[in-house]
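Read the structure below first, then the notes.
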């Protein structure tokens with residue numbers, strides 16, 4: 001009964017089928033647990049028999065976004081589209097099809113496998129450079145995954161204004177998860193939160209858990225970036241910035257940070 | 001005194017080179033094979049490196065023999081040591097550890113004592129099968145002792161020769177097929193775009209349906225106008241008791257989503273294939289691609305020649321007696337009347353040939369391993385696969401030496417013959433020819449089938 005009353009008060013904030021949505025990419029090496037993570041987030045129960053993901057696996061979750069944290073009536077509902085991209089090496093030349101117009105990125109690594117964390121740079125760079133490689137664009141060159149490892153430029157990331165979060169899975173099997181969290185250089189480079197979860201139990205994803213709060217903050221950031229922010233650059237500028245000189249870069253970053261602090 | 005001094009220096013040099021090979025194997029393991037995994041089990045890495053090091057030592061000894069750098073005594077010592085070493089590794093250590101790892105992975109056996117017993121049983125099974133390999137080959141190695149080095153090497157040789165024959169047969173057919181542009185089906189850009197568009201459309205459909213499903217499952221998110229039932233309260237009660245329209249809709253939606261997801265997977269796999277064909281096409285237009293194309297034609301001509309020769313060999317039951325190097329030099333001297341210093345050229349060309357064979361087979365094997373490993377392995381099975389690959393590598397290298405013997409002039413053949421003892425080398429060559437032919441024919445059949453039948457497009461209404 002109480003929920004019925006609530007819903008009548010908030011009738012104007014309920015979400016229709018064509019409601020607003022954000023596209024969030026979930027990337028990482030093969031077998032780190034992306035599919036389990038997304039399944040747990042959307043269905044609230046762990047995935048019993050995970051299989052290798054061919055291509056892309058899609059899940060949808062409705063997220064409550066409060067534009068004003070103190071006002072309950074400012075609740076708005078958004079669809080979160082999770083695009084869980086299969087990490088097999090066999091598909092690396094065709095993955096770019098899914099990267100188009102993504103609004104946020106979840107970088108997943110395996111806490112028992114150090115290399116999966118180090119590969120996240122390659123994944124991030126891959127998403128950022130391949131995002132514009134959609135079909136119909138003439139003259140695109142296919143980048144090898146080896147090229148991604150060279151010189152990941154944090155500047156490209158800052159210019160793209162795409163929020164990111166780093167999630168380490170298999171917390172129950174790892175002994176050094178805390179160490180990795182505090183020393184993740186990638187996290188400091190891109191200013192992302194780092195959390196560690198266990199995708200075989202739902203305990204890390206209950207609303208009160210600190211990991212879930214971190215995730216909710218990330219979702220809020222993605223939604224704000226897409227719908228409420230005026231400082232996001234148009235997408236084509238990011239790649240042309242690759243050729244720009246390093247001398248101007250600190251000036252550009254400085255002016256951008258000034259802009260963002262004045263506009264909010 | 002001089003002799004002993006020489007012996008010691010030689011042994012130290014060869015040992016130093018073994019350490020270098022071990023380091024190369026170690027680094028290869030870490031950087032290439034396990035590039036995407038974290039190494040938790042150092043023993044597996046050590047075993048792989050030891051096998052690699054011992055195999056490379058064998059090659060090195062042959063090369064040193066040809067160059068006559070080494071004192072004959074140290075050569076004898078080292079040959080025996082290396083052969084014994086690699087035999088023990090291949091027959092005892094690798095299979096035993098493989099069985100042990102397998103035993104640790106079985107979920108319902110947790111006590112270490114049980115695991116050890118099971119691994120010993122596994123090893124004994126392996127030894128039994130290994131021993132029975134002698135059956136189809138009569139009198140493979142004369143009447144040696146049961147556990148003598150010759151017996152073991154002869155069986156390792158059989159396994160390795162089978163492997164080499166199968167791989168060569170497949171390679172002989174596959175290499176021209178991959179590189180020759182004659183076989184590359186032309187794909188135009190429009191069909192690739194159409195396929196990509198279809199894929200993205202399907203993903204969009206899936207998203208729409210999933211959003212519908214989320215709304216159905218969580219009624220509180222729906223606008224009131226969409227609620228089931230006439231009145232709100234009445235509608236909710238009906239929803240609870242009859243499991244009514246809502247759950248039927250959601251079941252239907254779930255099945256629709258499942259079939260859409262299956263379609264999306266198929267479309268993605270087709271897109272991947274189209275992309276790889278396009279990549280091959282673009283590669284064939286580059287300079288390197290044209291070079292490979294030309295080499296492909298030459299290579300396929302050579303492979304046809306080889307297939308014909310092996311068929312003749314098998315039919316006529318003959319094995320070549322003279323090696324190609326001496327024969328070429330003979331032809332040059334006798335028929336073409338060119339004056340060549342036979343001994344010098346014999347040595348030089350043998351050295352070159354052995355060097356080229358050794359380097360290409362090591363490189364080829366390691367590259368194949370990396371590709372195979374990244375395709376096949378998963379986090380749980382990575383250690384097992386590496387051990388299996390180490391075993392194959394050892395057998396492959398030992399058999400390469402056996403087969404190489406036929407291509408070397410008489411003088412150098414003797415060293416291999418003396419080391420390997422009383423093996424019937426002819427049997428190996430005949431067996432190699434047979435396996436090569438069978439493997440090539442099977443690969444041709446498979447490639448023909450794959451080339452002719454196009455991928456069937458799934459129908460979706």
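Every number here is computed from the coordinates shown, using simple stated rules; none is lab data. This structure is a prediction, so every number in the text was calculated from the model and none was measured. All Cβ positions, glycine included, derive from the backbone under ideal geometry; neighbour counts span all protein chains shown.
The table below lists the values:
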{"read-out": "Shielding by partners, peptide A:188-200 (average Cβ within 10 angstrom, other chains)", "value": "0"}
{"read-out": "Förster-model FRET efficiency, 41 Å R0, residue B:113 and residue B:442, C-beta, rounded to 0.05", "value": "0.35"}
{"read-out": "Contour excess over end-to-end distance, with Cα ends at residue B:282 and residue B:334 and 0.36 nm allotted per residue", "value": "13.8 nm"}
{"read-out": "Shielding by partners, peptide B:263-269 (average Cβ within 10 angstrom, other chains)", "value": "4"}
{"read-out": "Relative exposure of B:53, B:443, judged by other C-beta atoms within 10 Å (fewest first)", "value": "B:443, B:53"}
{"read-out": "Exposure proxy ranking, count of Cβ atoms within 10 Å, fewest first, for A:123, B:131", "value": "B:131, A:123"}
{"read-out": "Shielding by other protein chains, B:194-203, mean Cβ within 10 Å", "value": "3"}
{"read-out": "Rotationally averaged projected area of the range A:33-75 (alpha carbon convex hull; nm²)", "value": "4.2"}
{"read-out": "Per-residue Cβ neighbour rank within 10 angstrom, fewest leading, B:26, A:83", "value": "B:26, A:83"}
{"read-out": "Distribution of pairwise C-alpha distances over the range A:62-103, 5 Å bins, in %", "value": "5, 18, 17, 14, 12, 9, 10, 8, 6, 2"}
